[in-house]
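See structure below.
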Amino acid sequence: MESIRMLEIGTIALYLGACVAVGLVYAKKARESEENFWVAGRFMGTITGAFAIFADVATASSVIGIVGLTYKFGVPFAAMVAAAFTLQFPLALYLVAKPLRDRKLFTLGDFFKDRFGKGPHGIYSILTFIFMSAYVIPQIKACALLASWLVDIPYETAVLIAGFTSIAYIMLGTMYAISITNIAEGLFDGLGTFVIAVAAIFYFMPSGGLIATGIQSKPAIAQLGMPLSSTMGIALTWALWGCVAPMTVMRFMSTQSSKSLRRSLGTGTAMAAIIVGFTAVVLGLTASILDPSLKNADMALMRVIDEFLPRAGKAIFAAVLFGTTMTTTDCLIFAATAAATNDIYKGFINPKASEKHIMRLGTILAGIIGATVTIVALYPLPLISIMTAMTAGGLISCFLFPVLLGIYWKKANGRGALLGMIGGFISFVVLDRSGLLPAVTAMLFAVPISALLTYAGSLSSKAVEPEVQRA
């Protein structure tokens, strides 16, 4: 390897410079109002919304992580997870997207405040802050793995570069800048991985085909390498994630209308099926042929890129992947920031805070949250997809049924929502940390517990007042 990779360094620097430039361009516009600050002025139409929503949910897990899952746990496991990931788009479309978008809110926290009152709103805000901050960590790890591999620098150095670049970007342009880059990255990321996957299929045709060659090279890849219960846990997590993910709901709110949101999610379903379902499994098989004994399965995608792209193409594609993961990181930090400022600070500490004060505080907190999770990401961490699935599973356990019953059941009230969120959180943490269940299965039990508590709690007290309930 070259001691100094000027081409790779220059490509990454140019791409990051372009992202920061977008942040500078939209810095003033993003702060003209809270609507611009939190939901980018609701400017996105059908196509732009589709690419932006996909880029938001296509985190390190779906692009880098699921290729690693295929490599480590086999095609049957990855195929089930990929199918479930695709399913989250139509589930979100038919269950929550329109009812939430029609309220013209900024965050999911606004729904809890509007529907259930201050108590549930406060619990939601605290839990969101915790889970979204934790969810950022594997995204920074993915950025660091890309930068470390491409530029040949230590992982710890790459973490610091990825983390503090993300901080600078989000503090400048907020949701406006994130939205603009999400649109471009959703397009190029999907197109790039698809082209490589097709090239891999044709490349291995003369030697018996991709599937046969992959199984011959690594027989375990044809088997389910994780317990069925864990497979179901991860699959269900991704199927339900789009319904309650705070940053995804904020993206729903940034579309022009319910109609454009519906079309965006329909388009996103097709993108997910192609990019995550087809591409990730093909690239995981390809990595198993090229190197059946990788020590770090999360490096499987990079191994494929190394083989099929020339040096310049590798640098460009890695920069796009880096940017996609970085803007997802920013969106997650922004969701945590929204919970801290818009929901907790403005909701409970200083309800009379001006728009300028909230936006200024949000900018500062985004930097603090970003710096904190960057430091945590310096330490050894498990597989990217396992980390994200565990964090997402905890959030779903807390919020899924309070949101669904809040939308569709008039008798759902604040007591039920409180019990559902707290019960879902406690049961998830206890079951996950007890060691009694297989990995990533706590949600399978915590979600029904939360549903039962939300239902029973709502029946045990009188319905909310009409001015609070507007479902």
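The values are calculated or read from the model by the stated rules, or taken from the named source; none is laboratory data. Because the structure is predicted, anything quoted here is derived from the model rather than measured. Because the Cβ atoms are built from the backbone with ideal geometry, glycine has one as well, and the counts that use them run over all protein chains shown.
Filtered by the rule that a residue be more than 26 Å from Val136 (Cβ to Cβ) and small (Gly, Ala, Ser), the range 243-276 gives Ser257, Ser258, Ser260, Gly266, Ala270, Ala273. Kindly check whether there is at least one residue in the range 272-280 that is part of a helix (DSSP H, G or I) and touching a strand residue (DSSP E or B) at 6+ places or on another chain (Cβ under 7 Å). No, the range 272-280 contains no residue that is part of a helix (DSSP H, G or I) and touching a strand residue (DSSP E or B) at 6+ places or on another chain (Cβ under 7 Å). For the range 363-388, filtered to residues that are in a helix (DSSP H, G or I) and at pLDDT below 75, the residue that is surrounded by the most Cβ atoms within 10 Å (Cβ to Cβ) is Ser385.
Identify the residue in the range 210-221 that is surrounded by 15 or more Cβ atoms within 10 Å (Cβ to Cβ) and closer than 19 Å to Ala82 by Cβ and, among all such residues, is nearest to the chain's Cα centre (by Cα). Filtering the range 210-221 for residues that are surrounded by 15 or more Cβ atoms within 10 Å (Cβ to Cβ) and closer than 19 Å to Ala82 by Cβ, the one nearest to the chain's Cα centre (by Cα) comes out as Ile221. Do the conditions hold for Tyr135, that is, is it hydroxyl-bearing (Ser, Thr, Tyr), buried (at least 22 other Cβ atoms within 10 Å of the Cβ) and at pLDDT 85 or above? No: the conditions fail for Tyr135. Taking every residue in the range 207-225 that is at positive phi and pairing it with any residue that is at pLDDT below 90, at least 6 positions away or on another chain, yields no pair with a Cβ-Cβ distance below 7 Å.
Let's see how each residue does on (1) at pLDDT 75 or above; (2) assigned to a loop (DSSP other than H, G, I, E, B); (3) of a type in the set (A, V, I, L, M, F, W, C); (4) within 26 Å of Ala300 (Cβ to Cβ):
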{"residue": "Ile4", "(1), (2), (3), (4)": "no, yes, yes, no"}
{"residue": "Leu7", "(1), (2), (3), (4)": "yes, no, yes, yes"}
{"residue": "Lys72", "(1), (2), (3), (4)": "yes, no, no, yes"}
{"residue": "Pro76", "(1), (2), (3), (4)": "yes, no, no, yes"}
{"residue": "Phe85", "(1), (2), (3), (4)": "yes, no, yes, yes"}
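Okay, residues lined up against (1) at pLDDT 90 or above; (2) in a helix (DSSP H, G or I); (3) buried (at least 18 other Cβ atoms within 10 Å of the Cβ); (4) under 16 Å from the mean Cα position of the chain (by Cα):
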residue: Thr181; (1), (2), (3), (4): no, yes, yes, yes
residue: Glu185; (1), (2), (3), (4): no, yes, yes, yes
residue: Phe194; (1), (2), (3), (4): no, yes, no, no
residue: Pro206; (1), (2), (3), (4): no, yes, no, no
residue: Ile234; (1), (2), (3), (4): no, yes, yes, yes
residue: Leu240; (1), (2), (3), (4): yes, yes, yes, yes
residue: Met247; (1), (2), (3), (4): no, yes, yes, yes
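Residue-level check: of (1) within 26 Å of Ala412 (Cα to Cα); (2) in contact with a strand residue (DSSP E or B) (Cβ under 7 Å, 6 or more places away or on another chain), His121 misses just (2). Has the range 443-454 got any residue that is farther than 20 Å from His121 by Cα, touching a residue at least 24 places away in the same chain (Cβ under 8 Å) and either hydroxyl-bearing (Ser, Thr, Tyr) or in contact with a Cys (Cβ under 8 Å, 6 or more places away or on another chain) (or both)? Looking through the range 443-454, none of the residues is farther than 20 Å from His121 by Cα, touching a residue at least 24 places away in the same chain (Cβ under 8 Å) and either hydroxyl-bearing (Ser, Thr, Tyr) or in contact with a Cys (Cβ under 8 Å, 6 or more places away or on another chain) (or both).
Contact map, the range 111-122: first residue under 12 Å from Phe399 (Cα atoms), second residue among the basic types (Lys, Arg) and buried (at least 19 other Cβ atoms within 10 Å of the Cβ), Cβ cut-off under 6 Å, separation 6 or more or different chains; pairs are His121/Lys113.
Looking at (1) under 23 Å from Ile196 (Cα atoms); (2) crowded, with 24+ Cβ neighbours inside 10 Å, which is the one condition that is false for Lys314? Lys314 satisfies all of (1) under 23 Å from Ile196 (Cα atoms); (2) crowded, with 24+ Cβ neighbours inside 10 Å except (2).
Put simply, of Lys104, Lys72 the only residue that is in contact (Cβ under 8 Å) with a residue 60 or more places away in the chain and on the phi > 0 side of the Ramachandran plot is Lys104. The condition of being touching a Phe, Trp or Tyr at 6+ places or on another chain (Cβ under 6 Å), under 16 Å from Cys243 (Cα atoms) and buried (at least 24 other Cβ atoms within 10 Å of the Cβ) holds for Ala97. In this entry, Ala52 passes the filter for residues that are of a type in the set (Gly, Ala, Ser), in contact with a Gly (Cβ under 9 Å, 6 or more places away or on another chain), in a helix (DSSP H, G or I) and under 22 Å from Ile167 (Cα atoms). Taking the range 422-445 on its own, how many of its residues are over 17 Å from Thr388 (Cα atoms) and crowded, with 21+ Cβ neighbours inside 10 Å? Residues flagged as over 17 Å from Thr388 (Cα atoms) and crowded, with 21+ Cβ neighbours inside 10 Å within the range 422-445 amount to 3.
Just one residue in the set Thr157, Thr128 is part of a helix (DSSP H, G or I), among the polar types (S, T, N, Q), surrounded by fewer than 24 Cβ atoms within 10 Å (Cβ to Cβ) and at pLDDT 85 or above; that residue is Thr157.
Table: residues versus (1) among the β-branched types (Val, Ile, Thr); (2) closer than 29 Å to Asp343 by Cβ; (3) touching a helix residue (DSSP H, G or I) at 6+ places or on another chain (Cβ under 6 Å).
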position: Cys19; (1), (2), (3): no, yes, yes
position: Val39; (1), (2), (3): yes, yes, yes
position: Leu69; (1), (2), (3): no, no, yes
position: Gly74; (1), (2), (3): no, no, yes
position: Pro90; (1), (2), (3): no, yes, yes
